[in-house]
Amino acid sequence: MTAVLGTVVGLLAAVVWILGAVLCATILLIPLGLPVIRLGSRLFGFARQLMRLP
């Protein structure tokens, strides 16, 4: 069950990271994009922890 949740969180992290990258591509929105990319990276770490088998 946690592997499925980890996969869902991983997909959400990918969407958040791509959104941050698009925000960073716009020069004026870089201050908004960098925290969003950091959030996506933290979500990737959380998804990795969820998918780890005990």
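The values are calculated or read from the model by the stated rules, or taken from the named source; none is laboratory data. Computed from a prediction, not measured in an experiment: that's the story for all the values here. A quick note on method: Cβ atoms are made from the backbone with ideal geometry, for glycine too, and the neighbour counts reach across all protein chains shown.
Descriptive notes on the structure:
- Residues of segment 14-32 that are more than 28 Å from V4 (Cα to Cα) and part of a helix (DSSP H, G or I): L23, C24, A25, I27, L28, L29, I30, P31, L32.
- Selection of first residues in segment 26-50 that are of a type outside the set (D, E) and of second residues that are outside any helix (DSSP H, G or I) and modelled with pLDDT under 90, restricted to Cβ pairs under 8 Å at least 6 apart or on distinct chains, gives the following pairs, ordered by first then second residue: G33/T26.
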